[in-house]
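Take a look at the structure set out below.
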Amino acid sequence: MAAILVVGALVAVSQAGSPGGGTSRTPAASGLRSVPEHGMTLGNPHAPFTMVEFADAQCPFCAQYDRETLPAVVKRYVRTGRLRIELRPLTFIGPDSARMARVVEAAGRQGRAWQLIDLIYHDQGQENSGYATDAYLRGLMARVPGLDASRALAEAGSSAVSTRLAAAKTEARRAGVVATPTFLVGRTGGRLAPVTGSLDQVLGPA
């Protein structure tokens, strides 16, 4: 089985990114609905390894990773209980990024952040066109079983969500994150380091 390369060209997105093009896509068969979510964490919270993903909801390369690589990562490492993934929403690209980051964080309070951002990636609009409206977000959230859209929209502006987004920004700055997606990985509770190749190099072969 080929090694799963998490980074490389996918990480080399500028802060501006490139237009998402407004093309609606069917979400990848990553099976996220059947994977445990706890806040912003996907997978077993007690997994021996942790990967932190810094991402921008408008980033086309984040969407590419979500479609082309995440399903294999989930199948090979998350479902087997070896890896948990923690999402850190950033707002590099602009106002729509900030709006969606807040709603994704709010969805995380219901254990639905990963399912929501998966749909966002597969229905990206034109960058900074103002497409991240309440109607757009409600439409996506209606497709996430168990997610209370009204509650998420109400909590998106809360101080708790602001605090979490500020913490993600601080963590990204300390880690030297200048582009999305960027990944840090290591043993849970230990030091996390940037991924520079195959996850097998850190986790060992499956």
Out of (1) in contact (Cβ under 8 Å) with a residue 60 or more places away in the chain; (2) in contact with a helix residue (DSSP H, G or I) (Cβ under 9 Å, 6 or more places away or on another chain); (3) hydroxyl-bearing (Ser, Thr, Tyr), what's the single condition that is false for Thr80? (2)
Any residue at all in segment 105-119 that's closer than 30 Å to Gly189 by Cβ, over 17 Å from the mean Cα position of the chain (by Cα) and in contact (Cβ under 8 Å) with a residue 12 or more places away in the chain? no
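Of the residues Val177, Val195, Val161, Val185, only one is crowded, with 18+ Cβ neighbours inside 10 Å, of a type in the set (Val, Ile, Thr) and over 26 Å from Gln64 (Cβ atoms); which?
Exactly one residue qualifies, and that residue is Val161.
Do we have any residue at all in segment 67-77 that's closer than 27 Å to Ala135 by Cα, of a type outside the set (Phe, Trp, Tyr) and in contact (Cβ under 8 Å) with a residue 12 or more places away in the chain?
So the first thing to find is which residues in segment 67-77 are closer than 27 Å to Ala135 by Cα, and the list is 67.
So of that shortlist, the ones also of a type outside the set (Phe, Trp, Tyr) come out as 67.
From what's left, in contact (Cβ under 8 Å) with a residue 12 or more places away in the chain: 67.
Yes, segment 67-77 contains at least one residue that is closer than 27 Å to Ala135 by Cα, of a type outside the set (Phe, Trp, Tyr) and in contact (Cβ under 8 Å) with a residue 12 or more places away in the chain.
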Have a look at Leu192, Leu153, Leu165, Leu147 and point out the one that is touching a residue at least 12 places away in the same chain (Cβ under 8 Å) and either over 20 Å from Ala107 (Cα atoms) or of a type in the set (S, T, N, Q) (or both). Leu192
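Just one of Ser18, Ser30 is at pLDDT below 95, under 15 Å from the mean Cα position of the chain (by Cα) and not in a helix (DSSP H, G or I); which is it?
Details: Ser18 fails: under 15 Å from the mean Cα position of the chain (by Cα).
After ruling out the rest, the residue left standing is Ser30.
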In segment 124-137, what count of residues is obtained for those that are in contact (Cβ under 8 Å) with a residue 24 or more places away in the chain and surrounded by fewer than 20 Cβ atoms within 10 Å (Cβ to Cβ)? 5
Within segment 157-167, identify whether any single residue is under 14 Å from the mean Cα position of the chain (by Cα) and at pLDDT 95 or above, and answer yes or no. yes
Residues satisfying the stated conditions in segment 140-154, i.e. within 19 Å of the chain's Cα centre (by Cα) and either of a type in the set (Asp, Glu) or farther than 19 Å from Glu37 by Cα (or both): Leu153
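Can you report the number of residues in segment 46-81 which are part of a loop (DSSP other than H, G, I, E, B), within 18 Å of Arg112 (Cα to Cα) and modelled with pLDDT of 95 or more? Give the steps one after another, and end with the answer.
Of the residues in segment 46-81, the ones part of a loop (DSSP other than H, G, I, E, B) are 46-48, 57-59, 69, 79-81.
Now drop any that are not within 18 Å of Arg112 (Cα to Cα), which leaves 57, 79.
Filter once more, so that each one left must be modelled with pLDDT of 95 or more: 57.
Of the residues in segment 46-81, 1 are part of a loop (DSSP other than H, G, I, E, B), within 18 Å of Arg112 (Cα to Cα) and modelled with pLDDT of 95 or more.
How many residues, within segment 71-90, are under 14 Å from the mean Cα position of the chain (by Cα) and over 15 Å from Met40 (Cβ atoms)? Working first, answer last.
Applying the first criterion (under 14 Å from the mean Cα position of the chain (by Cα)) to segment 71-90 yields 71, 73-74, 84-90.
Imposing the further condition that a residue be over 15 Å from Met40 (Cβ atoms) reduces the set to 71, 73-74.
Result for segment 71-90: 3.
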Considering only segment 82-104, how many residues are of a type outside the set (D, E, K, R) and in a helix (DSSP H, G or I)? 7
Within the bounds of segment 125-132, is there any residue that is under 19 Å from Leu42 (Cβ atoms) and touching a helix residue (DSSP H, G or I) at 6+ places or on another chain (Cβ under 6 Å)? no
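The values are calculated or read from the model by the stated rules, or taken from the named source; none is laboratory data. Everything numeric here is computed off the predicted structure, so don't read it as measured data. Neighbour counts are summed over all protein chains in view; Cβ atoms, including those assigned to glycine, are modelled from backbone coordinates with ideal geometry.
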